[in-house]
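Peer 1: Have a look at this one.
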Amino acid sequence: YMERTRWQAREQGFVTTLFGRRCHLRGIADRNSSVRNFAERAAINAPIQGTAADVIRRAMIRMPAAIKGTDAKMLLQVHDELLFEVAETDADRLIPIAKEVMETASSPAVTLNVHLAVEAGKGKNWAEAH
């Protein structure tokens, strides 16, 4: 993966996420090895982290329609987490809805070879929910 990705980045000047979003890499062919090495590390990392970002964005876009009818609001995204404010009476109802949206967020655009497993917690604050 790493060698193929570095080669692709040098040939094309960019790498892509599984959803086709391009990540352009300045310095990938630089003569300065420090600049080039940094760009190569970014080339290896960008498809992985970029795909994760694409998945969470897709989940966030779908979430309002999915949670309609619950007393819940999506408040915040932190890396691969979504934080909701929800009435205590709706918390147990929200969890399976949010999990389903997040676990299937890549579909139908991309079929993943592995299942995205989502964990959920609840509490009066973020620390308690973990």
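The values are calculated or read from the model by the stated rules, or taken from the named source; none is laboratory data. None of the values given here were measured: they were computed from a predicted structure. Positions of Cβ are backbone-derived with ideal geometry, glycine not excepted, and every protein chain shown enters the neighbour counts. Surface areas here come from the heavy atoms of the whole protein model, side chains and all, with no ligands, DNA or RNA. Shrake-Rupley method; radii C 1.70, N 1.55, O 1.52, S 1.80 Å.
Peer 1: Which three numbers, in whole Å and largest first, are the semi-axes of the equivalent ellipsoid of the chain derived from its Cα gyration tensor as √(5λ)? Don't jump to the answer; show the numbers that get you there.
Peer 2: On the way: eigenvalues 276, 46, 24 Å².
Working through the eigenvalues yields semi-axes of 37, 15, 11 Å.
Peer 1: Send over a whole-number figure in Å² for the accessible area per residue of region 10-130, probe 1.4 Å.
Peer 2: On the way: 8230 Å² over 121 residues.
Value returned for region 10-130: 68 Å² of accessible area per residue.
Peer 1: Which value, in Å³ per residue, describes the convex hull spanned by the Cα atoms of region 9-62? Working shown, then result.
Peer 2: Working: hull volume 3.3 nm³, N = 54.
Taking only Cα atoms, region 9-62 has a hull volume of 62 Å³ per residue.
Peer 1: Still on this structure, I have one more. Residue 19: net charge of surrounding residues, Cβ under 13 Å, Lys/Arg +1, Asp/Glu -1, itself excluded? List each step's numbers first, then the result.
Peer 2: On the way: positive: 21, 22, 57, 58; negative: 54.
Taking every Cβ under 13 Å from that of residue 19, the sum is +3.
Peer 1: Sticking with this structure for a sec: Using a Gaussian network model of the chain with C-alpha springs under 10 Å, which one of 25, 112, 83 is most mobile by mean-square fluctuation?
Peer 2: 112
Peer 1: How long are the three semi-axes of the equivalent ellipsoid for region 51-117, computed from the Cα gyration tensor as the root of 5 times each eigenvalue, in whole Å, largest first? Display every interim value, and only then the final one.
Peer 2: Values: eigenvalues 94, 28, 20 Å².
Listed largest to smallest, the semi-axes of region 51-117 are 22, 12, 10 Å.
Peer 1: A further question on this structure: Would you kindly derive the ³J(HN,Hα) couplings of region 87-94 from the backbone phi angles with the Karplus curve 6.51 cos²θ - 1.76 cosθ + 1.60 (θ = phi - 60°), listing them in order in whole Hz, with x for Gly and Pro?
Peer 2: Each residue's phi maps through the Karplus curve to give 4, 3, 5, 9, 4, 5, 7, 5 Hz.
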